[in-house]
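The values are calculated or read from the model by the stated rules, or taken from the named source; none is laboratory data. These figures come from a predicted structure and were not determined experimentally. These area figures cover heavy atoms from the full protein model, side chains too; ligands, DNA and RNA do not enter into them. Shrake-Rupley method; radii C 1.70, N 1.55, O 1.52, S 1.80 Å.
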Amino acid sequence: MSAFAHRATAGIAFYNPLDLRIGSPVKVAYSNGPEFVDFDFTVQEVREFNRRIGAQEFHFTDYALRGISTKSFDAAQAMVARLRAVPNPAGAYDTLLLRLEDEFAFSEDFLGVVKDTTGIFEVVDDKSGAKDTFSRINDLRESYEAAVLAVAATTADGKAVPGKTSPVRIEYWDYWRDVDIGEGHVAKEFLFVEMNSDTGWFQIWRGREFFF
């Protein structure tokens, strides 16, 4: 192999703690919820988030998953999810399994909701009227701005294929709430509102800790 060919296939390193590739299967255990059981998930895209707070840089990685129903195999019934890996103080990482709650074009009214100084975000069930109330993590009020590396193809050793990445600018707001899981125990449920800084497109992601 020529030196040029070697460089061309070397790939671009990014934070890939789960060591997954584009197309990798991801098994979602029943303990994550019965709604995931009848789906086969594969990685469609990887997104490395980088944000700067003062002089420090923080990063985490989202593995964009697409789940095909094992009952119907109907592409129209595919489930969209994300597996988020966030470094923790112990030097390892924490993982969240997030489902796409909603997405829509830019709305000035909705932007006002996430910029509200109360730090509260409410999700109302259209059918039952039940309301779930989330608050900003650590009582923060400002949004985060992140530079995202979107990876569409990976090499055999888990790096990004040159020419198969694109930059994305994201502004996002993070929320959580305590959920009663029975027997006096509670768990954290998370909700993230993301806005593409270039297009204004909103996505709302919701989920909990991922169990392997």
- Message: Check which residues have an amide H placed less than 5 Å from Ile22's amide H, if you skip close sequence neighbours.
- Response: Thr154
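Which whole-number percent is the relative contact order of region 123-212 (Cα, under 8 Å, 6+ apart)? Each step should come with its number before you reach the end.
Numbers: 140 pairs, mean separation 19.0, N = 90.
With pairs under 8 Å counted, the relative contact order is 21 percent.
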- Under the Karplus curve 6.51 cos²θ - 1.76 cosθ + 1.60, θ = phi - 60°, whole-Hz ³J(HN,Hα) for region 13-27, x wherever Gly or Pro sits: 6, 8, 6, 10, x, 8, 6, 9, 10, 4, x, 5, x, 10, 7
- Taking Lys71 as the anchor, which lysines have their alpha carbon closer than 17 Å to its alpha carbon, excluding any fewer than eight residues away along the same chain? Lys27
- Query: In terms of Cα to Cα distance under 28 Å, which lysines are near enough to Lys131, apart from those fewer than 8 places away along the same chain?
  - Reply: Lys115, Lys188
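At 222 nm, what value in deg cm²/dmol follows for the chain if DSSP H runs of at least 4 each add -39500 (n - 2.57) and the sum is divided by all its residues, to the nearest 500? Provide the component values of the computation, followed by the final result.
Numbers: 2 runs with 14 residues, N = 212.
Taken over the chain, the calculation gives -1500 deg cm²/dmol.
Considering only protein heavy atoms and a probe of 1.4 Å, how much of the accessible area of region 98-212 is carbon and sulfur, as a whole percent?
Working: 3260 of 6640 Å².
Reported share for carbon and sulfur atoms: 49 percent.
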- Note on the structure: Phi-derived 3J(HN,Hα) across region 118-130 with the Karplus relation (6.51, -1.76, 1.60, θ = phi - 60°), rounded Hz, x for Gly and Pro, is 6, x, 9, 9, 10, 10, 10, 6, 5, 7, 8, x, 5
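With a cut-off of 8 Å between alpha carbons and a minimum separation of six or more residues, what is the relative contact order of the chain in percent?
Values: 442 pairs, mean separation 45.0, N = 212.
That works out to 21 percent.
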- Message: With Kirkwood's inverse mean 1/r over C-alpha pairs for Rh, give me the Rg to Rh ratio of the chain, two decimals please.
- Response: 0.98
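Test of understanding: express the Cα radius of gyration of region 18-143 as a ratio to 2.2 N^0.38 Å, with N the residue count.
Working: Rg = 17.3 Å, N = 126, 2.2 N^0.38 = 13.8 Å.
In units of the 2.2 N^0.38 Å rule of thumb, it is 1.25.
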- Query: region 132-212: D in µm²/s via Stokes-Einstein (Kirkwood Rh, Cα pairs, 20 °C, 1.002 mPa s)?
  - Reply: 141 µm²/s
- Task: Report ³J(HN,Hα) in whole Hz for each residue of region 183-199, in order, from the Karplus equation J = 6.51 cos²θ - 1.76 cosθ + 1.60 where θ = phi - 60°; Gly and Pro get x.
- Result: 6, x, 9, 10, 10, 8, 10, 10, 9, 10, 9, 10, 10, 5, 5, 8, 9
